[in-house]
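Chemist: Below is a structure I'd like to ask you about.
The values are calculated or read from the model by the stated rules, or taken from the named source; none is laboratory data. Quantities reported herein were computed from a predicted structural model and do not represent experimental measurements. Methodologically, a virtual Cβ is constructed for each residue, glycine included, from the backbone with ideal geometry; neighbour enumeration extends over all protein chains shown. Only protein heavy atoms, including side chains, enter the accessible area calculation; ligands, DNA and RNA are left aside. Shrake-Rupley method; radii C 1.70, N 1.55, O 1.52, S 1.80 Å.
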Amino acid sequence: AIAAEHADRMVIDMVAPDQVRMLRAKLDAAAGRAGRPAPPLASWLPVAIDPDEQSYHQLLGTIAGYLTVRGYREMIEAVGFGAAVELAAGGADREQLVAALPREAATIVGAVGDAETVRTRLEEYAAAGLDEAVIHPATAGDPAGERTLTALARRGFVRAM
């Protein structure tokens with residue numbers, strides 16, 4: 001509601017398309033109540049094209065950092081990773097949490113896979129109501145995210161700011 005009333009955009013982080021859809025609806029409704037157009041909805045999205053083991057480790061490590069954070073914790077539980085949330089609540093360290101998360105977790109809250117899979121996933125986010133995808137490329141195993149960003153640029157998905 002605060003973003004709908006006062007912001008030039010609402011920025012979210014590490015969400016699945018279903019969460020985007022739900023947040024888009026809330027943002028639009030709040031903007032309607034405030035009598036103004038809804039601001040754009042943007043999200044930081046972890047992205048990796050053709051990730052290797054290092055990339056997956058980095059992506060899962062990012063997720064591990066959110067396992068105890070209210071809002072994210074519930075979202076991560078809702079997509080099927082409650083066991084990792086419980087481990088985090090019990091004080092497990094980052095490496096234990098990364099080990100407890102399956103690779104699939106990286107694909108739930110971002111765009112990960114071959115170039116076509118990532119393209120399709122970014123289109124899913126757009127269809128769910130995301131106006132702006134802020135690409136956060138995995139850089140472990142892909143220095144500076146060059147492989148990912150180059151592949152996205154070739155397909156017209158990346159523009160310089």
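Chemist: Just to be sure, is A133 part of a helix (DSSP H, G or I) and either modelled with pLDDT of 90 or more or aliphatic (A, V, I, L, M) (or both)?
Modeler: no
Chemist: Now for a separate question. Run down A100, A115, A78, A127 and say which single residue is at pLDDT 95 or above and not hydroxyl-bearing (S, T, Y). So that I can check it myself, show each step before the final result.
Modeler: Values: A100 fails: at pLDDT 95 or above; A115 fails: at pLDDT 95 or above; A78 fails: at pLDDT 95 or above.
The match here is A127.
Chemist: Which residues, counting only those in region 67-83, are open to solvent by 50 Å² or more (accessible area, probe 1.4 Å) and either of a type outside the set (V, I, T) or in contact with a strand residue (DSSP E or B) (Cβ under 8 Å, 6 or more places away or on another chain) (or both)? Before you say what the answer is, go through the steps one by one.
Modeler: Residues of region 67-83 that are open to solvent by 50 Å² or more (accessible area, probe 1.4 Å), as a first pass: 68-70, 72-74, 77-78, 80, 83.
Those that are open to solvent by 50 Å² or more (accessible area, probe 1.4 Å) and either of a type outside the set (V, I, T) or in contact with a strand residue (DSSP E or B) (Cβ under 8 Å, 6 or more places away or on another chain) (or both): R70, Y72, R73, E74, E77, A78, G80, A83.
Chemist: Among the residues in region 3-18, are any open to solvent by 50 Å² or more (accessible area, probe 1.4 Å) and in contact with a strand residue (DSSP E or B) (Cβ under 9 Å, 6 or more places away or on another chain)?
Modeler: To start, the set of residues in region 3-18 that are open to solvent by 50 Å² or more (accessible area, probe 1.4 Å) comprises 5-6, 8-9, 11, 18.
Pick out the ones that are also in contact with a strand residue (DSSP E or B) (Cβ under 9 Å, 6 or more places away or on another chain) and you get 9, 11.
Within region 3-18, one or more residues are open to solvent by 50 Å² or more (accessible area, probe 1.4 Å) and in contact with a strand residue (DSSP E or B) (Cβ under 9 Å, 6 or more places away or on another chain).
Every residue, every condition in (1) on the phi > 0 side of the Ramachandran plot; (2) assigned to a loop (DSSP other than H, G, I, E, B); (3) surrounded by fewer than 14 Cβ atoms within 10 Å (Cβ to Cβ); (4) touching a residue at least 60 places away in the same chain (Cβ under 8 Å), yes or no:
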residue: V118; (1), (2), (3), (4): no, no, no, yes
residue: A140; (1), (2), (3), (4): no, yes, no, yes
residue: A144; (1), (2), (3), (4): yes, no, yes, no
residue: R147; (1), (2), (3), (4): no, no, no, yes
residue: A151; (1), (2), (3), (4): no, no, no, yes
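Chemist: Suppose we keep only residues that are of a type in the set (A, V, I, L, M, F, W, C) and without any contact (Cβ under 8 Å) to a residue 12 or more places away in the chain within region 32-81. Which one would you say is farthest from Q96 (Cα to Cα)? It would help to see each step written out before you state the result.
Modeler: Let us first name the residues in region 32-81 that are of a type in the set (A, V, I, L, M, F, W, C), namely 34, 38, 41-42, 44-45, 47-49, 59-60, 63-64, 67, 69, 75-76, 78-79, 81.
If we keep only those that are without any contact (Cβ under 8 Å) to a residue 12 or more places away in the chain as well, we get 69, 78.
Working: V69: 17, A78: 21 Å.
Restricting to residues being of a type in the set (A, V, I, L, M, F, W, C) and without any contact (Cβ under 8 Å) to a residue 12 or more places away in the chain, the top hit is A78.
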